[in-house]
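Each value in this text was obtained by applying a stated rule to the coordinates, not by laboratory testing. Since the model is a prediction, treat every value here as computed from it, not as a measurement. Don't worry about glycine lacking a Cβ; one is built from the backbone with ideal geometry, like all the others, and counts go over all protein chains shown.
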């Protein structure tokens, strides 16, 4: 429902932040990784996921889209709910989690409260293929850097111009491989348009 909320961080705790946007204070549940990256009193962009339950709706916040992606993969596994996924991602970075899955490191998951041997095995089995697909993705970089912002803005521009997301991702990835990641948004869009119209 919401992709992100951008506003002033008016409260910050290890388990949640409150972001004020448009006169509304949004309480977002977070991991310790996001807690370390979000600063109170500053305007921040926090990527979100809305958890819909029978008796409540809860917003989860992530400083990096990559962390949200890993979180959503984790909650797709039977036996892992949002709170367990938060514990996992509070104990390791999204990249460490991805590497633990790719290297069948069940111990990394069994150390997390609430994750037993069967659930750890299930994480490996169900997520390894998904992680292999994203492990080498050059678009999978930390949010917040100008380089990544250029990639995000170029992607958004291409989609607005009517290109399919997968097409845009493919061509931007090719440009990054060939030209490097240090391209400003305008250059990425121009190069992408040349390649897409060829």
- Task: Round to a whole angstrom and tell me the spacing of the C-alpha centers of the stretch 34-90 and the stretch 179-198.
- Result: 32
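Report the extension gain between residue 43 and residue 152 in nm, rounded to one decimal, defined as 0.36 nm multiplied by the number of residues separating them, less their alpha carbon distance. Don't skip to the end; give the middle numbers.
On the way: separation 109, 0.36 × 109 = 39.24 nm, distance 1.88 nm.
Extending this stretch completely gives an extra 37.4 nm.
The chain: D in µm²/s via Stokes-Einstein (Kirkwood Rh, Cα pairs, 25 °C, 0.890 mPa s)?
Details: Rh = 18.2 Å.
Here the translational diffusion coefficient equals 135 µm²/s.
Provide the three semi-axes, in whole Å and in decreasing order, of the ellipsoid equivalent to the stretch 4-62 as defined by the square roots of 5 times the Cα gyration tensor eigenvalues. Walk me through the intermediate numbers first.
Working: eigenvalues 64, 35, 17 Å².
Over the Cα atoms of the stretch 4-62, the semi-axes work out to 18, 13, 9 Å.
At 20 °C and a viscosity of 1.002 mPa s, what translational diffusion coefficient does Stokes-Einstein give for the stretch 65-107, taking Rh as the Kirkwood radius over Cα pairs? Give it in µm²/s as a whole number. Please list the in-between numbers first.
Working: Rh = 10.3 Å.
The calculation lands on 208 µm²/s.
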- With a point put 7 Å past each Cα toward its Cβ, work out how far residue 58 is from residue 125 in nm, to one decimal. 2.7
- Query: When the helices in the chain are scored as -39500 (n - 2.57) per DSSP H run of 4 or longer and the sum is shared across all residues, what 222 nm value do you end up with, to the nearest 500 deg cm²/dmol?
  - Reply: -16000 deg cm²/dmol
- Item | Of 159, 30, 172, the one that fluctuates the most in a GNM where the chain has Cα springs shorter than 10 Å | 159
- Message: Can you divide the C-alpha Rg of the stretch 146-197 by 2.2 N^0.38 Å and report the result to two decimal places?
- Response: 0.96
